[in-house]
1. Apply 1/(1 + (r/R0)^6) to the Cβ-Cβ distance of Gln90 and Asp27, taking R0 = 30 Å, and write down the FRET efficiency to the nearest 0.05.
2. In the range 44-160, carbon and sulfur make up what percent of the accessible area (probe 1.4 Å)?
3. Please state the shape class of the range 1-79: rounded when a/c is under 1.5, otherwise prolate if a/b exceeds b/c and oblate if not, all from the C-alpha gyration tensor.
4. Under 5 Å between amide hydrogens, which residues at least 5 positions from Asp27 or on another chain qualify, with H placed 1.01 Å from N in the peptide plane?
5. Provide the per-residue ³J(HN,Hα) series for the range 77-93, in order, calculated from phi with Karplus coefficients 6.51, -1.76, 1.60 and θ = phi - 60°, each as a whole number of Hz, with x at glycine and proline positions.
6. Could you check the simple spin-label distance between Asp42 and Asn126, using points 7 Å along Cα→Cβ, in nm with one decimal?
7. Taking the mean number of other Cβ atoms within 10 Å as a proxy for protection, how do you rank 34-41, 106-113 from highest to lowest?
8. Would you grab the residues whose amide H sits under 5 Å from the one on Val172? Only those 5+ places off in sequence or on another chain, please, with H modelled 1.01 Å from N.
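The values are calculated or read from the model by the stated rules, or taken from the named source; none is laboratory data. From a predicted model like this one, the values you see are computed outputs, not experimental measurements. We place every Cβ from the backbone using ideal geometry, glycine too, and count neighbours over all the protein chains shown. SASA here: full protein model, heavy atoms, side chains in, ligands and nucleic acids out. Shrake-Rupley method; radii C 1.70, N 1.55, O 1.52, S 1.80 Å.
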Amino acid sequence: MCIIGFVDNSFDLLPDYKTRLSRHGIDLLFPDAGKSKLEIADWVLQNNVRCLMVDHKLRPNFDYVGTDLVAYINSALPDLPCMILTAYQQESLNENLVIKNMIESRDILDAPDLVEFCEELKQAVNVFSKRLELHEAEYRSLLEAKEKEKISAQQEERLAYLYRILRAYGEVDELPVALLHPNIEQKMDSLIGELNELLTALAPKKDGE
């Protein structure tokens, strides 16, 4: 089943939404109230959520509104599809934190026919899964370059970023830290060696003075 997350403050409605979406092959998960934005991001990763729906009016159960959360998630997990579901569409639009086509009327969850909406959610999950596949291919290529010591500093940063995302989603196995970061000790030895050479070169001048 497709795993979809829903951050909402109408907790009494969530069991009904979960039941209705399960009939269309969607496993709807929702976090506990009061979680911070960082905790929501961790919850997404821990539960393998591949598409996130967020209500706009989250207060007082959360310390932020939905558009703030989506902006944060888009920064922490750039490829994760996020959608605002709200009865206050214009208010969400006015904040300019979420693009218009990712803001839906909350009434869509109460519609008698959920087929089209569920297909949209599944397509979003498929897009995310495809992006993970592309990330994994790039990661494997960068890792090979790293092992051959033919990798730039920028590529090493990209490798570490891809590893964190793919590892969180269980797409790759854990690697030794040394494979993900530049060899600092080796660089320090090289720097000290260059400094010693410079001091040696300057030494005759100092004796002459």
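1. Efficiency at R0 = 30 Å is approximately 0.45.
2. 47
3. Oblate, since a/c reaches 1.5 and b/c is not below a/b.
4. Here Cys2, Ile3, Ile4 satisfy the definition.
5. Ordered by residue, 3J(HN,Hα) equals 10, x, 8, 6, x, 10, 9, 8, 10, 7, 8, 10, 4, 5, 4, 5, 5 Hz.
6. 3.5
7. Ranking the peptides 34-41, 106-113 by packing returns 34-41, 106-113.
8. Result for Val172 returns Arg167.
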